[in-house]
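The values are calculated or read from the model by the stated rules, or taken from the named source; none is laboratory data. Just so it is clear, the structure is predicted and the values come from calculations on it, not from any experiment. We place every Cβ from the backbone using ideal geometry, glycine too, and count neighbours over all the protein chains shown.
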Ligand SMILES: *Cc1c(COP(=O)(O)O)cnc(C)c1O
């Protein structure tokens, strides 16, 4: 069955090829093996030459990992999926596949902190340049594309400011120039947003977040057209080597089965918390695309199924006040990452985005009084109670 034949909720559980011999096992078998033996030497030669199908060595492919790759491919509506040992391994493999020295990458003005670090390294060591743009309209986007631009890299919603990028518009302009658009779809997962259906070329995920969903695995995924993904697999993956282990692939297959159910609850809870924060006197701004006060709410309605589970807000105070507020939380854990069952709170300026120089951070809208919440699956009543008591202690002091 291809995705076209079934609803996405069903594809979370049954999508992909699933062609491995499993003796009827309901759960995916874990092929915890580094290598695969050949029946004879000639068969080995043929597999290496690509003349016969079959596995060789788990860095080049593994049945459990393949099952995950086929499933995410189905969910994103691409031609081939590829799994990596982390979101950063996936992002770096895609970026090095799309660039060479003297090329230019155009990025959304706001990126995951380590993606920013990677871009800086590519620039400092390999002279692969980059610029940032809010991509607010076609003119602005066209102005930022140069003769050397070989890739547009976008996050939407942007971490942690929750600004959105109009993917259909970016894909349309990029196509005129023949430049591929890569979307980091971590915050949405394929359940909320499918960039390939909107005309973008490549999707990357930190599967560590919503796809895994239980805070117990680090992993990355890439989906795109077969020709491009074959190329990434052949070089950036095989020779750089950031492959996913079979057990971690199994954890992600397990996570995917409940992704839609979890995403709905994360989103419902986040929508309630966003609204309550919006009305709290100590909170100066709330950034949540699912909220109708969000300046890009109408765009959210066109490209996202819900507002998702992450939101950020500013308080009437300083960095110290933000840290003090976080310290008042009882149930909510202070931790980076997102998409877990537990509600997590973090301070982007000193944590996830500490690597971004202060001036650049401010341009991205990451002020010292900005706090990010990844809303979990607990009772929304208990989540709000914890935040509210912390805000009230904060007001008093
Ligand atoms: C976490 C994250 C990454 C990096 O993923 P890892 O799995 O930690 O390597 C990339 N992009 C976004 C948006 C993220 O949240």
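Selection of region 364-397 for residues being in a loop (DSSP other than H, G, I, E, B) and loosely packed, with under 13 Cβ neighbours inside 10 Å yields 379, 397. Elements of the type helices (runs of 4 or more DSSP H) sitting completely within region 271-363 and holding at least 3 residues that are at pLDDT below 95, over 22 Å from residue 378 (Cβ atoms) and under 24 Å from the mean Cα position of the chain (by Cα): these cover 358-363. Note on region 154-238: enclosed helices (runs of 4 or more DSSP H) holding 3 or more residues that are out of contact with any helix residue (DSSP H, G or I) (no Cβ under 8 Å at 6 or more places or on another chain) are 167-177, 226-232. The residues of region 239-270 that are touching a helix residue (DSSP H, G or I) at 6+ places or on another chain (Cβ under 6 Å), part of a loop (DSSP other than H, G, I, E, B) and surrounded by fewer than 23 Cβ atoms within 10 Å (Cβ to Cβ), listed by number, are 242, 257. Only residues that are touching a strand residue (DSSP E or B) at 6+ places or on another chain (Cβ under 9 Å) and under 22 Å from residue 86 (Cα atoms) were counted in region 223-279, giving 16.
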